[in-house]
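Bear in mind these aren't lab numbers, they're just calculated from the coordinates by the rules spelled out. As the structure is a computational prediction, the values presented were derived from the model and not from experiment. Note that we place each Cβ from the backbone using ideal geometry, even for glycine, and neighbour counts take in every protein chain shown.
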Amino acid sequence: MNPPTTKPMSYVGIAVAVGLAVLLPWFAPNQFYVHLATVGCINLMLVLGLAIIARAGQLSMGHGGFALVGGYVSALLSMKGWPPLLTLFIAAVVAAVIAAALGWIILRLRGVYFVLVAFAFSQIAVLLALDMSSITGGANGLVGVPPISIFGYVLRAKPQFYPFALVCALTTLLLTWLLYRSPLGTMMAATAENQRLTESSGIDTHRVQVIAFTVGSGIAGFAGALSTHYLRFISPDSYTFWESVSYLTMLVVGGRDGVLGPVVGVVVLTPLPELLRSTEGLQHIIYGAVLVLCLMFVPNGLASLIQTWRSRQRVATTGAARVAEEVP
């Protein structure tokens, strides 16, 4: 399976999108839009982590649990004097190690059982954060988490933090794209397509899925830690079951194939909670309605509409070229 080629025009579109993202703090009407973009960058990392797991044929309902673990690990270490920039990576490693140990056991389960166990882990993480009040602060959480500092430059204000969040999101996006085009990415896609057939060709699909689960959950741990240092607060309510549902919704609405789907899903759905803040009781209902409508009318996600349009343009261009060649 050869990875798809990227045309020069695609690179131009990517460069324009990145340029607009970089310039956002300068042309945004107020800091609320900068805050929304920062949350979008963090959400993108979380959804990309979920997309890597889905690439290997699994969907995790415990994604928020790994973000919660990463957030608490980074917060506790930084409050003890550790450099916050270092604790971000420690949080990612801790989340990845837990995922590797858990995944080695539960990924032998197929079907709905993996989803249920991952969901149970997320709930256990929340309950532990509530019960271990002497360490985690209980329901009140941890307040005053130290901000990230890079070579003495402290990222306190929203315009200061946004560029760092953008770099982290773009780096995650690039690494995910490279992973998809690698031999491991090909094995992940083959495992999702037909696990038994992939096993018969000599590929250890269990190991492939464990690697995908470990990498995706490690990214979630990093993103959870990044969000904690941005908000300078974390509590058990920071990453509940509904956050996991939100990330899954972003992935399904945007599309699970490639890295464009998570980007589209995050761009479309990140502003939605802010737009629906006045209808707090209806947020989850509207989220569910959006998910059902997308599954009914755009089962491959909104990104598939872009890919369909490109395919039609390619067919039209090829047809026009053939007609031109046949005309004497």
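Return the Rg/Rh ratio of the stretch 40-169 with Cα-based radii and a Kirkwood Rh.
Rg/Rh for the stretch 40-169 comes to 1.00.
Going toward the positive end of the dipole of the chain, with +1 on Lys and Arg Cβ and -1 on Asp and Glu Cβ, which of S134, V22, M296 do you reach last?
V22
Please state the relative contact order of the chain as a whole percent: Cα pairs under 8 Å, 6+ residues apart?
It comes to 30 percent, rounded to a whole number.
If packing is taken as the mean number of other Cβ atoms within 10 Å per residue, what is the order of 242-255, 138-151, highest first?
With the highest mean Cβ count within 10 Å placed first, the list reads 242-255, 138-151.
Using the beta-carbon distance between F32 and S201 and R0 = 56 Å, what value does 1/(1 + (r/R0)^6) give for FRET efficiency, to the nearest 0.05?
It comes out at approximately 0.60.
Regarding the stretch 102-151, what's the average projected area of the Cα-atom convex hull, expressed in nm²?
Averaging across all directions leaves 5.9 nm² for the Cα convex hull.
Take F297 and L275, extend 7 Å from each Cα along the Cα→Cβ direction, and tell me the distance between the two endpoints in nm.
Output for this residue pair reads 1.4 nm.
Given +1 on the Cβ of Lys and Arg, -1 on the Cβ of Asp and Glu, and no further charges, what dipole in debye does the chain carry about its Cα centre, rounded to the nearest 20?
Using only the charged Cβ atoms, the result is roughly 360 debye.
Could you compute Rg(Cα) / (2.2 N^0.38 Å) for the chain, with N its residue count?
Dividing the Cα radius of gyration by 2.2 N^0.38 Å gives 1.05.
Over all directions, how big on average is the projection of the convex hull of the alpha-carbon atoms in the stretch 5-96, in square nanometres?
Here the figure is 8.8 nm², rounded to one decimal.
Provide Rg and Dmax in Å for the stretch 170-302, with only Cα atoms included in the calculation.
Cα radius of gyration and Dmax of the stretch 170-302 are 17.0, 55 Å respectively.
With 16 Å as the cut-off, how large is the P(r) tail for the stretch 164-222, expressed as percent of Cα-Cα pairs?
49
For the stretch 137-176, what mean projected area does the convex hull of the alpha carbons give, in nm²?
Result: 4.5 nm².
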